[in-house]
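Values quoted throughout were computed directly from the atomic coordinates according to the rules given, and no laboratory measurement underlies them. Computed from a prediction, not measured in an experiment: that's the story for all the values here. Neighbour counts are summed over all protein chains in view; Cβ atoms, including those assigned to glycine, are modelled from backbone coordinates with ideal geometry.
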Amino acid sequence: MENHTIKSIQEGIKRGDFSAHEIFDHYAIKIGRENKRLNAYLSTLVFQASVSGSQSQLAGVPCAIKDNILIDGTIATAGSKILENYISAYDASVITKLRNAGVQFLGKTNMDEFAMGTSTENSAFGPTKNPHNLERVTGGSSGGSAAAVAADLCVFALGSDTGGSVRQPASFCGVVGLKPTYGRVSRHGLIAMASSLDQIGPITKNVYDSALVLNSICGNDKFDSTTAPENAPDFTKNLDQDAAGLKIGVPREFFRKGLSLEVEDKIKATISRLEQMGCSIEEISLPNFEYALAAYYIIVPSEVSANLARFDGIRYGYSSEKSKILEDVYSESRSFGFGAEAKRRIMLGTYALSSGYYDAYYLKAQKVRALIKKDFDNAFRQVDAIVGPTAPSVAFKIGEKISDPLSLYLEDIYTVPINLAGLPAISIPCGNGAESNMPVGFQIIGNSFNEETVLRVAHQLEASFR
């Protein structure tokens, strides 16, 4: 019973090879045996007997959930000391949908604090280690979810993606990570970092599983006014349709200084593979690509500053017992409860939103964001999908970049423009780097609400590697 996919779980249950309870126990035992060396899970859950979703393709499938997505009655830390003992009061909408489909929740996975990071080294509970090399990071912020899938400590996992936090760890761990269009999946019950960018997405072992999970978690939600009103298609329907004839755009801005040679070689070889499959490869330009990272790191800290203001030591979360006056409760609770990266972003965001600086920083960043969206709109008038690297490097060593925040921020260079534009994108493994022998991720980007094309190209490309 090793390295199951959703399909193999369903087939195994139907054949009577094992029951839903038995396969859950198999994974629970495996987590107990292997999690100490990986630190992928922060907490584990018990099997829930249920008749819901008995006809669903996800019925009985064990999954892992990033620890910023609420499951009623369970601890949700968001990787932070300030929420170390916070117990969720309700299910996130995606959890309700998965529960109704008969999914089993194995546990909550490690993450960068409040999803702020690209390596899962910012977790208050220690870093997660990459299953391919325990000396290397998993990527972030959904590093625990990606490691759990890569190490077969679950069948699939959910993560959240604000600037690449599903795709980049998927790239580093050699699995599939999908960021849906902003508004395709409800954010209700996701502990907010940057509300205009956050999006929940699946991390899976293959593209078909990503499409299946997206089918289950997508859709309009009365609790999230940003969700799309229209009904979603069946994302598995067109996966087997040939990719020949599709126009694939390759931005010239993606191949500049900063991209490691071993990643570049794999990406270019994969683009050639698409051409051999009958796709038309066209060079395109995203003129404002170079400004995306700067705009992102003004917009995100600004929204972080507003969203994390609620953690004040009064309403919920850690509260300092030494404080004698209200002002000390705020300062001491937040000083102890937040880690270095959370404090850095809160201060940057508060500064960017402050009187006299709002126009110079935040407003200008939002204007750049609009230009980036316009660049993608123009590109999708010419092409069906855009491709390139997911990350500029393979997984680096634990501790290698932790003292240099800017070098960590640069790991997001290929993913943040997609979040700023609200577009869907997927990372699939395209082989290992020649020098490091670590996984390389290939990113496929689609137009708004066109996950079908993204998944179709990814599925066809995945098949060509078999």
Aspartates and glutamates with Cα under 16 Å of residue 322, excluding same-chain neighbours fewer than 8 positions away: 312, 332
Those aspartates and glutamates that a straight Cα-Cα span of less than 15 Å connects to residue 97, excepting residues fewer than 8 apart in one chain: 72, 221, 224
Could you put 173, 63 in order, starting from the residue whose Cβ has the fewest other Cβ atoms within 10 Å? 63, 173
Ordering 299-309, 352-362 by per-residue average of other C-beta atoms within 10 angstrom, highest first, gives 299-309, 352-362
When ranked by the protection proxy of mean other Cβ atoms within 10 Å per residue, highest first, what sequence do the peptides 244-255, 445-456 form? 445-456, 244-255
Rg(Cα) / (2.2 N^0.38 Å) computed for the chain, rounded to two decimals: 0.92
Using a Cα-Cα cut-off of under 21 Å, which lysines could be cross-linked to residue 364, ignoring same-chain neighbours fewer than 8 residues away? 373, 374
Post the alpha-carbon centroid distance, the stretch 1-50 to the stretch 210-242, in whole angstrom. 26
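Just rank 111, 193, fewest to most, by other beta-carbon atoms within 10 angstrom. Don't jump to the answer; show the numbers that get you there.
Details: 111 33, 193 26.
With the fewest neighbours first, 111, 193 line up as 193, 111.
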Rounded FRET efficiency, nearest 0.05, which uses the C-beta distance separating residue 195 from residue 331 and R0 of 30 Å: 0.75
